[in-house]
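Written out below as structure tokens is the structure these notes cover.
The values are calculated or read from the model by the stated rules, or taken from the named source; none is laboratory data. From a predicted model like this one, the values you see are computed outputs, not experimental measurements. Counting neighbours? That spans all protein chains shown, and the Cβs are built from the backbone with ideal geometry, glycine included. What goes into the accessible areas is simple: the full protein's heavy atoms, side chains included, and nothing from ligands, DNA or RNA. Shrake-Rupley method; radii C 1.70, N 1.55, O 1.52, S 1.80 Å.
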Amino acid sequence: MTLGPLLSDPEQQVLAAERTLLGDLRASLARAGVTEEALADLVRSIAQLDELFLLVVVGEFNSGKSAFVNALLGRPLVPEGVTPTTAEITVLSYGSTESSQLAAERTRLITAPVDLLREIHVVDTPGTNAVIRAHEALTTHFVPRADLVIFVTSIDRPFSESERVFLERVRAWGKNVVFVVNKQDLVSRPEEIDEVRRFVETNSEQVLGSVPPLFFVSARDALRAKQGQPELWAPSGFEPLERFIRDTLDDTGRLRLKLLNPLGVAGHVVDVRRATVDERLGLLSGDFAMLEDVERDLAQYERDLERDFAPRMAAIDNVLLEMERRGQAYFDEMLRLGRIADLLKKSRVQETFERDVVSDAPAIVERRVDELIDWLVEADLRQWQQVTGRLAAQRAAYRDRMVGGEIDQFRSDRARLMQSVGNEAQRVVETYDRREEARVLAEGARNAVAAAAATGVGAVGLGAIVSLAATTVAADVTGLAMAGVLGAIGFFILPAKRRRAKLEMREKVSAMRTRLSAAMRAQFEGEAARSVQRIRDGIAPYSRFVRAEGEKLRAEQAELGRFAGELEAMRARVDTIVPARPVPPGRP
Ligand SMILES: Nc1nc2c(ncn2[C@@H]2O[C@H](COP(=O)(O)OP(=O)(O)OP(=O)(O)O)[C@@H](O)[C@H]2O)c(=O)[nH]1
Ligand SMILES: [Mg+2]
């Protein structure tokens, strides 16, 4: 039945709207990277809107599918047999003469002059659960194309486990199913039939969510009846079944199923894709959590550095304060009249000042700076080790979850990035050269200290500069002594000189402390930031991937949700335009 010209206006509109919706869905899935192959069923089902109605007969091997087809069409058109018999998808369509030919690989086309075939195509399929696995695969692949599925089971083993599994697949594609229990001629007692009926009803309801139309038949008797043994017709159970098919598959019935079929297929494709998207988002949320841990580590690392830096800097500062304190004591002790003889010897002043005041301060400052550098280098390395550990743990967790999973583009992209970022971090840790890192840092620190000293004082030039201040004092005193005002020195000049010297010492040391501390802090903060940045840069490709994919997937998730809603609405619309005929109860 080709749709279109025969349809009423509202039917035409539903058909057009459905085509648009399905086309949009297809385009959206393709944009999201769903492969052509995965879209094939959807594309086929859209195309099928224009094709003849397909009534597809499925079931376990030997249940009598082929016999059922022969009985329905009233002629032995397809071979029957006790072993797995039907090996090809066999499409039966109308023709003025009987013919049979292979149409494609594993697809046979049979024509026969049977009126029913003018309106619908009947498809006989290879049995499921046969030893020949390829048979089941053929049928499974064909199921999405069915407009109506006739599920044939045999009364001597009704609703087997494998049939349940297969029926679940049929259901996933949103198919309408009619249940046929064949070979009822094998049992004679009505109670047995009732028992089987209850059994099939309960089980099919569990799988399908509702009891499908259910018929008990003998295909063998039905065919015999049609071929000259009319007394077998009534007991064959075919009369109610054929009436049901006639009623259900009248023009509107076929239209309804045709319109519903692609919606069912689309629903399934959307479900599958949603599951994929959810699963990927699940993977990414693990990644997100890991990257957040790394960010937290880094923030903590920055806080730790800051916290530990302060006491280390204070220790350096203390060295200078100590020196200043010694200086104050020195001036108190030295700039007295009683020491005038010493004061007059410039070299002596310098010598004692260097020995008692400056002392080992520059060396200690230098050592403290070196310690600070080593500490920073160790902290940097530890941070890399931590990141490497986290990446490795995430990869291990991922590998565990990978068991049995198929590898797609997303998974392989993600795995590749994790691998390369992880390897890079590992490489940094393995080749970490503490000495070289410390050397580079020390160079920077030395430059900072030198910069602080450029205006006169620094750890290195410290001794010389402060000594100079002391000798200036000495020179002044010498000059005054020469002027012959020795008497005044003790009472007026020396106390004033002492005050000035102490003040000057304080100012100089204080200025030096400020500059040194600022320079060290700037240097240190630069290094800490560089260390953190290097780690961030290291994992950047990975976190970029996680962020970008996460955004993309969440957008797709929302879009799939919208499509699921629209498909549901379209089903409701088909229901209104072409309402379902009241389904006869399980007992026809
Ligand atoms: N007693 C009885 N036997 C039947 C009936 N229908 C089919 N058979 C027999 O059951 C066997 C299997 O029938 P087929 O129609 O070949 O079964 P099938 O489901 O097509 O099997 P495969 O093509 O192998 O999947 C054959 O020997 C048939 O003669 C029936 O109604 N009553
Ligand atoms: Mg068969």
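Only one entry in Asp271, Asp247, Asp293, Asp317 is under 30 Å from Ile577 (Cα atoms), in contact with a Lys or Arg (Cβ under 7 Å, 6 or more places away or on another chain), open to solvent by 30 Å² or more (accessible area, probe 1.4 Å) and not small (Gly, Ala, Ser), namely Asp247. Looking across the stretch 339-364 at every residue that is touching a residue at least 24 places away in the same chain (Cβ under 8 Å) and under 15 Å from Arg498 (Cβ atoms), the one that is surrounded by the fewest Cβ atoms within 10 Å (Cβ to Cβ) is identified as Ile340.
Being touching a residue at least 24 places away in the same chain (Cβ under 8 Å), surrounded by 14 or more Cβ atoms within 10 Å (Cβ to Cβ), among the polar types (S, T, N, Q) and touching a Ser or Thr at 6+ places or on another chain (Cβ under 7 Å), is that true of even one residue in the stretch 324-334? Checking the stretch 324-334: not a single residue is touching a residue at least 24 places away in the same chain (Cβ under 8 Å), surrounded by 14 or more Cβ atoms within 10 Å (Cβ to Cβ), among the polar types (S, T, N, Q) and touching a Ser or Thr at 6+ places or on another chain (Cβ under 7 Å).
Count, please, the residues in the stretch 278-290 that happen to be closer than 24 Å to Ser531 by Cβ, hydrophobic (A, V, I, L, M, F, W, C) and crowded, with 20+ Cβ neighbours inside 10 Å. Qualifying residue count, the stretch 278-290: 1. Just one of the listed residues (Ala496, Ala555, Ala572, Ala522) is under 30 Å from Leu241 (Cβ atoms), part of a helix (DSSP H, G or I), of a type outside the set (Lys, Arg) and open to solvent by 40 Å² or more (accessible area, probe 1.4 Å), and it is Ala572.
Checking each residue in the stretch 123-174 for being away from ligand 1 (no atom under 15 Å from the Cβ), free of Cβ contacts under 8 Å to residues at least 60 places away in the same chain and within 18 Å of Val265 (Cα to Cα) picks out His141, Leu167, Glu168, Arg169, Arg171.
I need the full set of residues from the stretch 29-43 which are touching a residue at least 60 places away in the same chain (Cβ under 8 Å) and not in a helix (DSSP H, G or I), in order please.
Here is the first cut: in the stretch 29-43, the ones touching a residue at least 60 places away in the same chain (Cβ under 8 Å) are 29, 32-34, 38-39, 41-42.
Hits for the stretch 29-43 are Ala32, Gly33, Val34.
The residue of the stretch 18-43 that is modelled with the lowest pLDDT, among those that are within 17 Å of Val272 (Cα to Cα) and either among the hydroxyl-bearing types (Ser, Thr, Tyr) or open to solvent by less than 10 Å² (accessible area, probe 1.4 Å) (or both), is Thr35.
Exactly one residue among Pro212, Pro235 is part of a loop (DSSP other than H, G, I, E, B) and surrounded by 13 or more Cβ atoms within 10 Å (Cβ to Cβ), and that residue is Pro212. Looking across the stretch 145-156, the residues that are within 16 Å of ligand 2 (Cβ to nearest atom) and either in a loop (DSSP other than H, G, I, E, B) or farther than 17 Å from Asp41 by Cβ (or both) come down to Ile150, Phe151, Val152, Thr153, Ser154. Within the stretch 108-144, the residues that satisfy the criterion of being within 16 Å of ligand 2 (Cβ to nearest atom) and either assigned to a loop (DSSP other than H, G, I, E, B) or of a type in the set (Phe, Trp, Tyr) (or both) are Thr125, Pro126, Gly127, Asn129, Ala130, Val131, Ile132, Phe142.
So which residues in the stretch 177-194 are within 16 Å of ligand 2 (Cβ to nearest atom) and open to solvent by 10 Å² or more (accessible area, probe 1.4 Å)? Scanning the stretch 177-194 gives a single hit, Lys183. Does the stretch 92-106 hold any residues that are within 16 Å of ligand 2 (Cβ to nearest atom), in a strand (DSSP E or B) and farther than 15 Å from Ala67 by Cα, and which are they? Of everything in the stretch 92-106, just one residue is within 16 Å of ligand 2 (Cβ to nearest atom), in a strand (DSSP E or B) and farther than 15 Å from Ala67 by Cα, namely Ser100. Cβ-Cβ distances below 8 Å connect the following pairs, each with a first residue in the stretch 49-72 that is touching a residue at least 24 places away in the same chain (Cβ under 8 Å) and among the acidic types (Asp, Glu), a second residue that is open to solvent by less than 10 Å² (accessible area, probe 1.4 Å) and within 9 Å of ligand 2 (Cβ to nearest atom), and a separation of six or more residues or different chains: Glu60/Gly127. No other residue among Arg273, Arg254, Arg246 is closer than 30 Å to Ala71 by Cα, out of contact with any Phe, Trp or Tyr (no Cβ under 7 Å at 6 or more places or on another chain) and either in a helix (DSSP H, G or I) or at pLDDT below 90 (or both) apart from Arg246.
If only residues of the stretch 44-87 that are in a helix (DSSP H, G or I) and open to solvent by 20 Å² or more (accessible area, probe 1.4 Å) are counted, the one that is nearest to ligand 2 (Cβ to nearest atom) is Arg44.
Given the criteria among the charged types (D, E, K, R), away from ligand 1 (no atom under 13 Å from the Cβ) and out of contact with any helix residue (DSSP H, G or I) (no Cβ under 6 Å at 6 or more places or on another chain), does Arg108 qualify?
Answer is no for this residue.
Filter the stretch 65-88 down to residues that are of a type in the set (Ser, Thr, Tyr) and more than 17 Å from Val180 (Cα to Cα) and give me whichever is farthest from ligand 1 (Cβ to nearest atom). Selected residue: Thr83. Would you say Val91 is in contact (Cβ under 8 Å) with a residue 24 or more places away in the chain, more than 10 Å from ligand 1 (Cβ to nearest atom) and under 28 Å from Ser162 (Cβ atoms)? Spelling it out, Val91 is indeed in contact (Cβ under 8 Å) with a residue 24 or more places away in the chain, more than 10 Å from ligand 1 (Cβ to nearest atom) and under 28 Å from Ser162 (Cβ atoms).
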